[in-house]
Every structure is written in structure tokens, then in C-alpha cells.
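Undergrad: Mind having a look at this structure? Questions to follow.
The values are calculated or read from the model by the stated rules, or taken from the named source; none is laboratory data. Remember, it's a predicted structure, so these values are computed and weren't measured experimentally. Please note: Cβ atoms are built from the backbone with ideal geometry, for glycine as well, and neighbour counts cover all protein chains shown. For accessibility, only protein heavy atoms count, side chains too; no ligands or nucleic acids. Shrake-Rupley method; radii C 1.70, N 1.55, O 1.52, S 1.80 Å.
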Amino acid sequence: MSDGIFDERHATNYDEFSPGDPAMLATMVEVLAELAGDGRALEFASGTGRVALPLQATGVEVHGIELSRPMHAQQLKKPGGDRVPVTIGDMTTTRLEGAFRVVFLVYNTIGNLLTQDEQVECFRNAAAHLEPGGHFVIEMNIPPLIRLAPGERHVVFDRSDTHVGIDEFDRVNQRLVSHHVWSFPDGTAETFDTPQRYLWPAEMDLMARIAGMELTHRWGDWDRSDFTDDSPSAVSVWTKP
């Protein structure tokens, strides 16, 4: 089984290059803990444990499925990292024993599945893990295609003294590649390219219906703000009847 794009080199630097907003992480954990209640939680693509470990610290029993062994190795280096059991496998097919109150997939990771069929199977696998009344949660970016002028394929999504991020879109095949370049004071640079299949909230709702789930919440962010025409991201919650 391949570790995919998150090999040893990229796993080692993942948290440093993608630190996220600590305040929003805390809000995310709060929402997930509320959805989990006294039940168990399962994170698809649990990575370095950036979400699973603080969620476990709230008292929720958390498990993970992660494709990349180097990413999981980073989790095990963190305090309490061995207390969140992780199964190495593909989130479209790997099946754990027992039922979960919430399954979640964050940081736009649904896009790492590069075909529509794989994304549908991810929804089906999530539903198979849920207890009745359980929730599947996805955080995803809304593709900024409105920013593309006719004939253009590239959108700059981040630019600073240390990082430039550019999305390169293939609208015919509903694909993109996120190009990252980090620069360092010693004059060196690090690059990272991640292929993705972007998708839309309405498309995900149909995938959820195929898997036997229905939409119960859609927010513009983890603070439960309204999802609007201008929202750059969406947090969606589907429930298994």
C-alpha cells in the first residue's frame, strides 16, 4: 500500500507548513465533541493527530483511519499520540469494528480522492461505520472558479513572505493541483504539489443520499455561521436515519 503524496519528507514538515488557526481548531473540536456526545468518533485521514488528539482530550473515544504511515508516525511522537488507535488503510474501503456516533473528514481532505467513484465510496464507508442517528461531517473549500477569467486556470490562494500557494484548475475534469512554495531565511525553498478532485455541496448531498444519509446542517465555518454565496468553505453534517 502506497503512502500517497504524504511521504516521509512531507509528513515531517506537515504541521509546520500547515499549522491552521488554533482558535478555529478549538471551535472545530468543540463542535465534534458535541456531535459525538457520549459516543465514539472516527476520523478519516487522521494524519498527524492534529484534530484527533485534542478531541480525545475532551473525553471522546477517538479512532482513526490513515493511509500514510509517515503521517501516523508523526502522531505517535506527540504527547498522548498512542492513545488514539489508528488503522493504516484507505478511507474508502477500510472497515473498523463497532459503530460510531460521528465520522469526520476535515481540512478539505475529501478532495484527495481523485475520482467521483472513490468519493461516493467514502460516503458509503462513513455510513457503514455510523450508528443510527450518527453524523458524517466534512469540511471542504468551495472552489473559487468565479475568480477565473476566461482562459485562465490559476488562482493565488495565499501569498506571504514565506509561502505562495496557487491552485491550478482543470474545469473539464473537475480536478485541480495545489502548488505550494515555502521559502526560508537561509535561501532554500520547499515545494509541494497536491492533486485533488474538487466537488460542490450539492454533489456531496447526492453522495450522502446514495449512502443513505440526509443533510442536517451546513455552515460557512466551524463557528456555525450561515453558509452563503460568499462562503469560501462549508462544514456539512449528514445524519444516518
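Undergrad: Could you list, in sequence order, the residues of the range 86-104 that are open to solvent by 10 Å² or more (accessible area, probe 1.4 Å) and under 25 Å from TRP222 (Cα atoms)?
TA: Matches in the range 86-104: VAL86, MET91, THR92, ALA99, ARG101.
Undergrad: Taking ALA33 as the residue in question, decide whether it is out of contact with any strand residue (DSSP E or B) (no Cβ under 6 Å at 6 or more places or on another chain), at pLDDT 95 or above, surrounded by 14 or more Cβ atoms within 10 Å (Cβ to Cβ) and not aromatic (Phe, Trp, Tyr).
TA: Yes: the conditions hold for ALA33.
Undergrad: Quick check on my filter: what residues within the range 128-171 are of a type in the set (A, V, I, L, M) and part of a strand (DSSP E or B)?
TA: Of everything in the range 128-171, those that are of a type in the set (A, V, I, L, M) and part of a strand (DSSP E or B) turn out to be LEU130, VAL137, ILE138, MET140, VAL155, VAL156, VAL164, ILE166.
Undergrad: Inside the range 190-220, can you point out the residues that are closer than 28 Å to ASP170 by Cα, touching a residue at least 40 places away in the same chain (Cβ under 8 Å) and crowded, with 18+ Cβ neighbours inside 10 Å?
TA: The answer is PHE192, GLN196, ARG197, TYR198, LEU199, MET204, MET207, ALA208, ALA211.
Undergrad: Let me ask something else about it. Looking at ASP117, ASP167, ASP161, which is the one that is free of Cβ contacts under 8 Å to residues at least 60 places away in the same chain and open to solvent by less than 30 Å² (accessible area, probe 1.4 Å)?
TA: ASP167
Undergrad: Give all pairs with beta carbons closer than 8 Å in which a residue from the range 130-143 that is within 18 Å of PHE100 (Cβ to Cβ) and open to solvent by 10 Å² or more (accessible area, probe 1.4 Å) meets a residue that is β-branched (Val, Ile, Thr) and assigned to a strand (DSSP E or B); count only pairs at least 6 apart in sequence or on separate chains.
TA: Correct list of pairs: GLY133/THR239; HIS135/VAL102; HIS135/VAL103; HIS135/THR216; HIS135/VAL237; HIS135/THR239; GLU139/VAL235.
Undergrad: Looking at the range 5-19, can you tell me whether even one residue there is open to solvent by 40 Å² or more (accessible area, probe 1.4 Å) and at pLDDT 90 or above?
TA: no
Undergrad: Out of the range 54-79, which residues are in contact (Cβ under 8 Å) with a residue 24 or more places away in the chain, of a type in the set (A, V, I, L, M) and open to solvent by less than 30 Å² (accessible area, probe 1.4 Å)?
TA: LEU55, VAL60, ILE65, MET71
Undergrad: Does the range 221-241 hold any residues that are without any contact (Cβ under 8 Å) to a residue 60 or more places away in the chain and among the hydrophobic types (A, V, I, L, M, F, W, C), and which are they?
TA: PHE227
Undergrad: List the number of the failed condition for TYR107; all other conditions in (1) touching a Lys or Arg at 6+ places or on another chain (Cβ under 9 Å); (2) surrounded by fewer than 22 Cβ atoms within 10 Å (Cβ to Cβ); (3) at pLDDT 95 or above hold.
TA: The single condition TYR107 does not satisfy is (3).
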